[in-house]
Amino acid sequence: MAKDNVINIRTDAGTKKAIEALYAQFGITVSDAVNIFFRKSLMEGGLPFEMKQPRFNRETEEAISEARDMASGKIEATSQSVDNFFQEMGL
């Protein structure tokens, strides 16, 4: 199959340099890697890897939720300053 279509991808210079070096270790180009990704996506019927948000333990999830509630004003923060927070924590 002729490869006569062009896709332009934008990325920063550091990422481009690092990815070219990485793929060169496997003897392939960025273009080769993108074509491998496309073919694998077609075989899988979607992205060839699982997409999910990172999960934390229950205590960390609760702390994140509480911090979001404080940031949004849903609940009031109990500490009025960083110094007050450290004092409350016994630090």
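Taking ALA33, is it touching a residue at least 12 places away in the same chain (Cβ under 8 Å) and surrounded by 10 or more Cβ atoms within 10 Å (Cβ to Cβ)? Criteria met by ALA33.
Give the residues of region 51-91 that are part of a loop (DSSP other than H, G, I, E, B) and of a type in the set (Gly, Ala, Ser), sorted by residue number. Residues satisfying the conditions are GLY73, ALA77, SER79, SER81, GLY90. Within region 7-46, the residues that satisfy the criterion of being of a type in the set (Val, Ile, Thr) and not in a helix (DSSP H, G or I) are ILE7, ILE9, THR11, ILE28, THR29. If you filter region 73-89 down to residues that are surrounded by fewer than 11 Cβ atoms within 10 Å (Cβ to Cβ) and either under 22 Å from ARG55 (Cβ atoms) or among the hydrophobic types (A, V, I, L, M, F, W, C) (or both), you find that the one that is nearest to the chain's Cα centre (by Cα) is VAL82.
Quick note: the coordinates plus some simple rules give every number you see, no bench work behind them. Since the model is a prediction, treat every value here as computed from it, not as a measurement. Positions of Cβ are backbone-derived with ideal geometry, glycine not excepted, and every protein chain shown enters the neighbour counts.
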